[in-house]
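Engineer: Would you mind keeping the following structure in view while I ask a few things?
The values are calculated or read from the model by the stated rules, or taken from the named source; none is laboratory data. The shown structure was predicted, so the numbers you read here are calculated from the model rather than taken from an experiment. Cβ sites come from the backbone with ideal geometry, for glycine too, and all protein chains shown count toward neighbours.
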Amino acid sequence: MRERAISAAIFVPVLIVALLLGGPWLAALILIAAGVASLEAMRLLLAAGYPVLVGLGVVLTLAIVADAAVPVDLAGSSAILIAVAVILAAVGAFARLDPKEGLATWVATVFGGVYVGMLGFILRLGHGAPDVPAGAPLGSALDGARAWVIVLVLAVWAYDTGAYLIGKTFGQRFGEATGLTKFLTHLSPSKTYAGLFGGLAATTIVLGLGMWLVGAPPWHALLIGPILGLAAQAGDLAESMLKRAAGMKDSSQLIPGHGGILDRVDSFLFAAPVLTLYVLTVLR
């Protein structure tokens with residue numbers, strides 16, 4: 001617990017400052033996090049028995065995030081980057097003498113790079129989100145780019161916190177009363193239905209508050225809040241599956257008491273695209 005507290009005291013202020021400053025500062029932080037998380041993902045894939053071209057996978061991740069950080073007029077630029085990566089990974093895999101190993105290398109390299117590259121949706125949300133109206137509570141303090149990213153971060157944190165607190169407090173009693181105890185224990189043995197429902201409720205409430213702060217109708221949280229919470233949970237479980245396959249508890253030991261960077265951003269890998277899609281198609 002002491003290690004977790006020290007790590008949080010160091011990393012959380014850095015994140016908050018980057019969120020408040022926005023622009024190149026936030027982009028730089030996400031690029032650094034994506035690069036480290038991609039290295040961790042490649043390490044997990046190797047440990048799970050999937051050969052990867054580590055350098056190419058990390059470069060693909062960074063290219064996808066950098067493309068999100070600097071919007072350009074070239075339509076489909078991310079798709080073009082992925083297409084180039086598919087070609088380069090195939091060419092790199094030609095060197096594997098066993099075609100089965102070559103195929104695994106090709107697939108795993110592209111997967112690892114794109115998987116962590118989804119962190120770039122945090123930046124796409126900021127670039128594409130609507131402006132904060134002048135009359136909104138945050139209208140005079142933050143622009144739309146920073147405000148909506150903060151809403152995303154708070155909503156995902158709300159899921160994690162709500163799931164942990166409700167699951168720890170009411171998990172056993174809820175299971176005894178309803179017969180719904182734990183789920184997907186082969187991926188994560190501690191996940192309870194009480195925690196799931198508590199996390200979904202917390203996400204919806206915090207997202208509604210966040211939408212009010214940025215001048216969006218809070219009732220939208222009733223539609224997208226539970227979906228966003230499920231996406232955050234799915235992101236966590238997806239990384240758990242990767243770690244289980246690799247036989248590792250954490251993606252690395254970089255952050256004492258917290259594991260690696262991938263352990264800290266796994267929920268955002270699935271949640272960020274979901275909120276970005278909703279905001280750009282419904283609220284913009």
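Engineer: Looking at this structure, is Val59 closer than 27 Å to Val12 by Cβ and assigned to a helix (DSSP H, G or I)?
Structural biologist: Criteria not met by Val59.
Engineer: Is it the case, given these coordinates, that Leu262 is out of contact with any Pro (no Cβ under 8 Å at 6 or more places or on another chain), part of a helix (DSSP H, G or I) and either buried (at least 17 other Cβ atoms within 10 Å of the Cβ) or of a type in the set (Ser, Thr, Tyr) (or both)?
Structural biologist: So Leu262 fits the description; yes.
Engineer: Checking the conditions here, which among Arg124, Arg96 is charged (D, E, K, R) and either in contact (Cβ under 8 Å) with a residue 60 or more places away in the chain or within 30 Å of Tyr193 (Cβ to Cβ) (or both)?
Structural biologist: After ruling out the rest, the residue left standing is Arg124.
Engineer: Can you name the number of the only condition in (1) buried (at least 23 other Cβ atoms within 10 Å of the Cβ); (2) not in a helix (DSSP H, G or I) that Ser252 fails?
Structural biologist: It is condition (1) that Ser252 fails.
Engineer: Quick check on my filter: what residues within the range 94-108 are part of a helix (DSSP H, G or I) and either modelled with pLDDT under 95 or not hydrophobic (A, V, I, L, M, F, W, C) (or both)?
Structural biologist: Within the range 94-108, Pro99, Lys100, Glu101, Gly102, Thr105 qualify.
Engineer: Go through (1) in a helix (DSSP H, G or I); (2) in contact (Cβ under 8 Å) with a residue 60 or more places away in the chain; (3) among the hydrophobic types (A, V, I, L, M, F, W, C); (4) crowded, with 24+ Cβ neighbours inside 10 Å for Val52 and report which single condition fails.
Structural biologist: Every listed condition holds for Val52 apart from (1).
Engineer: Let me ask something additional. Kindly indicate whether Ala141 is in contact (Cβ under 8 Å) with a residue 60 or more places away in the chain and not in a helix (DSSP H, G or I).
Structural biologist: No: the conditions fail for Ala141.
Engineer: Going residue by residue through the range 182-204, is there one that turns out to be at pLDDT 95 or above, under 23 Å from Leu123 (Cβ atoms) and either surrounded by 23 or more Cβ atoms within 10 Å (Cβ to Cβ) or under 20 Å from the mean Cα position of the chain (by Cα) (or both)?
Structural biologist: Yes, that holds for at least one residue.
Engineer: In the range 103-114, is there at least one residue being within 16 Å of Ala66 (Cα to Cα), in contact with a Leu (Cβ under 9 Å, 6 or more places away or on another chain) and crowded, with 17+ Cβ neighbours inside 10 Å?
Structural biologist: Looking for residues that are within 16 Å of Ala66 (Cα to Cα), in contact with a Leu (Cβ under 9 Å, 6 or more places away or on another chain) and crowded, with 17+ Cβ neighbours inside 10 Å, one finds at least one in the range 103-114, hence yes.
Engineer: Are any residues in the range 224-250 touching a residue at least 12 places away in the same chain (Cβ under 8 Å), more than 26 Å from Leu280 (Cβ to Cβ) and not aliphatic (A, V, I, L, M), and if so, which ones?
Structural biologist: Ser240, Lys243, Arg244, Gly247, Asp250
Engineer: Please determine whether any residue of the range 243-251 is under 17 Å from the mean Cα position of the chain (by Cα), within 20 Å of Val36 (Cα to Cα) and modelled with pLDDT of 95 or more.
Structural biologist: yes
Engineer: Which residue out of Ala28, Ala66 is surrounded by fewer than 20 Cβ atoms within 10 Å (Cβ to Cβ), part of a helix (DSSP H, G or I) and in contact with a helix residue (DSSP H, G or I) (Cβ under 7 Å, 6 or more places away or on another chain)?
Structural biologist: After applying the criteria, what remains is Ala66.
Engineer: Of the residues Ala216, Ala271, Ala221, which is in a helix (DSSP H, G or I), surrounded by 22 or more Cβ atoms within 10 Å (Cβ to Cβ) and touching a residue at least 24 places away in the same chain (Cβ under 8 Å)?
Structural biologist: The unique qualifying residue is Ala271.
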